[in-house]
Amino acid sequence: MRYFIYFAYDGSAYHGWQIQPNGISVQEVFTQSIRVILREKTVITAAGRTDAGVHAKRMVAHFDSERTDLNSEGFVRQLNSLLPKDIAVQKIVPVKENAHARFDALTRKYEYRIYYGKNVFKDKFAVRMYHSLDFEQMNTAAQRLLEYKDFTSFSKLHTDTKTNDCKITRAFWQSCGDEWVFTIEADRFLRNMVRAIVGTLFDVGMGKMSVNDFCSIIEAKDRCRAGVSVPPHGLYLVDVSYPEEIFLLS
């Protein structure tokens, strides 16, 4: 039977989601733990990969098992007891045998969190800002993202993707208590895309470029024209959505 597993992780100690030859990854730890319990050579396929230091409030992955009783609170508790404290399973649900956590995803949503002033309780999970930002201008620029589909200017260079087209449906900054949060949602994201967009929006917010300049950067399809990538620890994958028909009633 195939299952979707929903989980969260603090990415501080990991070299991203995907198994790496020279560093511990979330996928490696997760795979080891679930194999111990199931005693099967389980392969876990996620909705996407997060970079080193990036967090996930909700990641989704699929795996197959001979067992048909894994969508239970007991199994979730058992798996959570074996996983380290920085990875937590939220739920496990049965899906159709051809359901795919990556290819069936309709949308993915990320957040980037920043704050002002020294705060020892935020240092690992948001990025401290030292410059004043014009969030109104940044939101104007962010809305222009919805007008484009080719985001080569915000993609990591020399990747193996076949297309740099993405459909962004939401992109905005909002004040949340003592933080400012950038929310962006799309059907897919390129490697390093969100962090590059945020870095370029910072340039807009600091008056280093205009909204028209921001649009010109997108149209240039040149990563060298865009701003720097912001630090990873302010970035969170917060949700992945799927069509209802791939789920089985439990």
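For region 136-175, list residues with backbone N below 20 Å from a point placed 7 Å from the Cα of residue 129 toward its Cβ? Inside the label zone: 136-146, 170-175.
Each Lys and Arg contributes +1 and each Asp and Glu -1, all at the Cβ; summed about the Cα centre of the chain, the dipole is approximately 440 debye. Charging the Cβ of each Asp and Glu at -1 and of each Lys and Arg at +1, and nothing else, the dipole of region 187-229 about its Cα centre rounds to 200 debye. Multiplying the residue separation of residue 224 and residue 170 by 0.36 nm and removing their Cα-Cα distance gives an extension gain of 17.0 nm.
Its Cα centre serving as origin, region 107-238 has a Cβ charge dipole (Lys and Arg +1, Asp and Glu -1) of approximately 440 debye. Among 60-72, 107-119, the peptide with the highest mean count of other Cβ atoms within 10 Å heads the list, and the full ranking is 107-119, 60-72. Estimated at 0.36 nm per residue, the fully extended path between residue 72 and residue 98 surpasses their Cα-Cα distance by 7.2 nm. Sequentially through region 226-231, phi angles give Karplus couplings (6.51, -1.76, 1.60; θ = phi - 60°) of 7, x, 6, 6, 6, x Hz, Gly and Pro residues having no value and appearing as x. Between residue 118 and residue 245, what FRET efficiency comes out of the Förster formula 1/(1 + (r/R0)^6) with R0 = 51 Å and r the beta carbon distance, rounded to 0.05? Between residue 245 and residue 118 the formula returns 0.55. Subtracting the Cα-Cα distance of residue 86 and residue 211 from their residue separation scaled by 0.36 nm leaves 41.1 nm.
May I ask which residue of 204, 50, 180 lies farthest towards the positive end of the charge dipole of the chain, with charges of +1 (Lys, Arg) and -1 (Asp, Glu) on Cβ and the Cα centre as origin? Among 204, 50, 180, the one farthest towards the positive end of the dipole of the chain is 50.
We did not get these values from a lab; they are worked out from the coordinates using the rules stated. Model, not experiment: these values are computed from the prediction. We place every Cβ from the backbone using ideal geometry, glycine too, and count neighbours over all the protein chains shown.
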